[in-house]
1. Modelled with pLDDT of 80 or more, polar (S, T, N, Q) and outside any loop (DSSP other than H, G, I, E, B): is that true of THR119 in this structure?
2. Pairs please, first residue from region 28-46 and over 18 Å from ILE207 (Cβ atoms), second anywhere and of a type in the set (Ser, Thr, Tyr) and assigned to a helix (DSSP H, G or I), Cβ atoms under 6 Å, 6+ apart in sequence or on different chains.
3. Within region 92-116, how many residues turn out to be assigned to a strand (DSSP E or B) and modelled with pLDDT of 90 or more?
4. Given the criterion over 30 Å from SER226 (Cα atoms), exposed (fewer than 14 other Cβ atoms within 10 Å of the Cβ), at pLDDT below 80 and out of contact with any strand residue (DSSP E or B) (no Cβ under 7 Å at 6 or more places or on another chain), identify the matching residue among VAL145, VAL158.
5. Looking at this structure, is VAL56 assigned to a helix (DSSP H, G or I), more than 15 Å from ILE164 (Cβ to Cβ) and at pLDDT 80 or above?
6. So, in region 168-194, of the ones that are over 23 Å from LEU98 (Cα atoms) and touching a residue at least 24 places away in the same chain (Cβ under 8 Å), which residue ends up farthest from the chain's Cα centre (by Cα)?
7. Take the residues in region 177-215 that are surrounded by fewer than 19 Cβ atoms within 10 Å (Cβ to Cβ) and outside any helix (DSSP H, G or I), then tell me which one is modelled with the highest pLDDT.
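The values are calculated or read from the model by the stated rules, or taken from the named source; none is laboratory data. Nothing here was measured: the structure is a model prediction, and the numbers come from that model. All Cβ positions, even for glycine, are placed from backbone atoms using ideal geometry, and neighbour counts span all protein chains on display.
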Amino acid sequence: MGDNILFSLWNFQVSFVLLIEVISSILSFLCILFAVKEKIWTFPLGMVSTAMYFFVFFMQELYSSMTLQIMFFTFNAYGLYKWTHPSEKDATKADNTLAVTLLKLKGRVLTGTTIVVLTLIFGYVTSNLFKGEELEYNYTYIPLVFQKLYKYIFLYKVYIDAFILSASLVAQYLMAIKKLESWAIWFLVDIIATLFYFITVGWATGILYFVFIFTAVMGWIEWKKSMLRNR
């Protein structure tokens, strides 16, 4: 898909899509920082960021990731309500907001199963729905030792994209209901997405997900502390 060059900065061309990607990356980073600290502003920022990323992924023809943004937007809206309006059966903090809790064993098994099933479904549907629209990639700039790895990534691009969609969707839902395990899933997603997005979307998104690896660790530590304090 075409993209217009807006301006050049030190001989570096800045396109419209790149500008949107950078802005949405910054908003996403702020969103995660607020989530780590259990601040409600994580959800409004997340809704704006996902709307912008929807456009970025559409331009890059990553349809699973594009669909993910719609679901992210929905779960951000749900989380905004859930954190401030916990039900009677939910664990709450002193300020009557939703508290961090753990999944039970049944919930963890269901979580893992859901990710696997959704990955297979989204991967199969996307690969068949958009069959024949494969993009060509230039491997010449990649060190020889990594070229085979990159080729495999592009070969299974649809299913990697589908896994990121499925696992992120589940992680975002668990975050909306404040389950500690959401950060463990984000950690796995961020590791895979760092390499994948760096070579399929752009450097801004790749760097963002690399930083997210560390914020996922921070999120786990902070939420665990919060859970222990609330107990």
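1. Yes.
2. Going by the 6 Å Cβ cut-off, the qualifying pairs are PHE34/THR42; ALA35/THR42.
3. 1
4. Testing whether each residue is over 30 Å from SER226 (Cα atoms), exposed (fewer than 14 other Cβ atoms within 10 Å of the Cβ), at pLDDT below 80 and out of contact with any strand residue (DSSP E or B) (no Cβ under 7 Å at 6 or more places or on another chain) leaves just VAL145.
5. Against the criterion (assigned to a helix (DSSP H, G or I), more than 15 Å from ILE164 (Cβ to Cβ) and at pLDDT 80 or above), VAL56 does not qualify.
6. ILE192
7. LEU180
Residue-by-condition table, conditions (1) of a type in the set (A, V, I, L, M, F, W, C); (2) at pLDDT 75 or above; (3) over 26 Å from LYS93 (Cβ atoms); (4) surrounded by fewer than 15 Cβ atoms within 10 Å (Cβ to Cβ):
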| site | (1), (2), (3), (4) |
| --- | --- |
| ASP3 | no, no, yes, yes |
| VAL14 | yes, no, yes, yes |
| VAL22 | yes, yes, yes, no |
| THR67 | no, yes, yes, no |
